[in-house]
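K.L.:
Take a look at this one; I'll ask things after.
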Amino acid sequence: MATTSDIRKGLCIKYGNDIYKVIEFLHVKPGKGPAFVRTKLKSVTSGKVVDNTFSAGHRIDEVKVITRKFQYLYDDEHGFHFMNNDDYSQIYIEKEMVENSQFMKEGEEVTIILKEEDETPLSVEIPSAVFLEVTEADPGVKGNTATNALKSAIVETGARVMVPLFIEPGDKIKVSTEDGSYVERVK
């Protein structure tokens, strides 16, 4: 058992009937009244984000987790298959547990969070940015460069990304996996 003074970013706790990861927290000590901790919690099973306030000294159930590096192998109609980089064992994870999976390509390294006691997978974290090749891109319109105009492009994983007009099929681009936005062109 932990208390609110142990809350930190990345801590996994049991809250309600689910396991949540602390993504933001703020210790507040108002001039009047008791102190409290305002948190933003993300469910590791569903990805749902909730705001919660714990009073100072409140007991929380900490969940021990371990993180391991896995390589993305392939997907089928139900989920994704990953290989442990240390012992080459394979693990299967349902599609709902992987957020922004449209940016994963085969061979990509991901981090999987596992519950320590029985090594049950809780969530998959893909890198914050990936390098992908553009397979299709709408042609740019000549003279439409006065503004930051964007056009639609499809990358090698099948995801649709809005890119600047100068991007052509065959170009490699860096894409943010959090919001699916174009970052830069890569040589």
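K.L.:
I need the full set of residues from the range 21-41 which are open to solvent by 30 Å² or more (accessible area, probe 1.4 Å) and closer than 19 Å to Glu116 by Cα, in order please.
P.N.:
Answer for the range 21-41, where residues must be open to solvent by 30 Å² or more (accessible area, probe 1.4 Å) and closer than 19 Å to Glu116 by Cα: just Lys21.
K.L.:
Determine if the range 44-67 includes at least one residue that is in contact (Cβ under 8 Å) with a residue 40 or more places away in the chain, assigned to a strand (DSSP E or B) and touching a helix residue (DSSP H, G or I) at 6+ places or on another chain (Cβ under 6 Å).
P.N.:
Scanning the range 44-67 turns up at least one residue that is in contact (Cβ under 8 Å) with a residue 40 or more places away in the chain, assigned to a strand (DSSP E or B) and touching a helix residue (DSSP H, G or I) at 6+ places or on another chain (Cβ under 6 Å).
Table: residues versus (1) at pLDDT 85 or above; (2) surrounded by fewer than 16 Cβ atoms within 10 Å (Cβ to Cβ).
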{"site": "Gly140", "(1), (2)": "no, no"}
{"site": "Asn148", "(1), (2)": "no, yes"}
{"site": "Val155", "(1), (2)": "yes, no"}
{"site": "Pro169", "(1), (2)": "yes, yes"}
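K.L.:
Does the range 96-115 contain any residue that is without any contact (Cβ under 8 Å) to a residue 24 or more places away in the chain, exposed (fewer than 15 other Cβ atoms within 10 Å of the Cβ) and of a type outside the set (A, V, I, L, M, F, W, C)?
P.N.:
no
K.L.:
Got at least one residue in the range 13-20 being outside any strand (DSSP E or B) and either in contact (Cβ under 8 Å) with a residue 24 or more places away in the chain or surrounded by 15 or more Cβ atoms within 10 Å (Cβ to Cβ) (or both)?
P.N.:
No, the range 13-20 contains no residue that is outside any strand (DSSP E or B) and either in contact (Cβ under 8 Å) with a residue 24 or more places away in the chain or surrounded by 15 or more Cβ atoms within 10 Å (Cβ to Cβ) (or both).
K.L.:
Any idea which of Glu178, Glu136 is in a strand (DSSP E or B) and either modelled with pLDDT under 90 or open to solvent by 40 Å² or more (accessible area, probe 1.4 Å) (or both)?
P.N.:
Exactly one of Glu178, Glu136 is in a strand (DSSP E or B) and either modelled with pLDDT under 90 or open to solvent by 40 Å² or more (accessible area, probe 1.4 Å) (or both), namely Glu136.
K.L.:
Do we have Lys69 as of a type in the set (Lys, Arg), open to solvent by 40 Å² or more (accessible area, probe 1.4 Å) and at pLDDT 90 or above here?
P.N.:
Spelling it out, Lys69 is indeed of a type in the set (Lys, Arg), open to solvent by 40 Å² or more (accessible area, probe 1.4 Å) and at pLDDT 90 or above.
K.L.:
Got a number for residues in the range 1-12 being open to solvent by less than 40 Å² (accessible area, probe 1.4 Å) and part of a loop (DSSP other than H, G, I, E, B)?
P.N.:
3
K.L.:
So which residues in the range 57-66 are farther than 16 Å from Glu116 by Cβ and surrounded by 15 or more Cβ atoms within 10 Å (Cβ to Cβ), if there are any at all?
P.N.:
Ile60, the sole residue that qualifies.
The values are calculated or read from the model by the stated rules, or taken from the named source; none is laboratory data. Note that the structure is predicted; figures quoted are calculated from it, not measured. Heads up, the Cβs are rebuilt from the backbone with ideal geometry, glycines too, and the neighbour counts pull from every protein chain shown. To get the accessible areas, we keep the full protein, side chains included, count just its heavy atoms, and leave off ligands, DNA and RNA. Shrake-Rupley method; radii C 1.70, N 1.55, O 1.52, S 1.80 Å.
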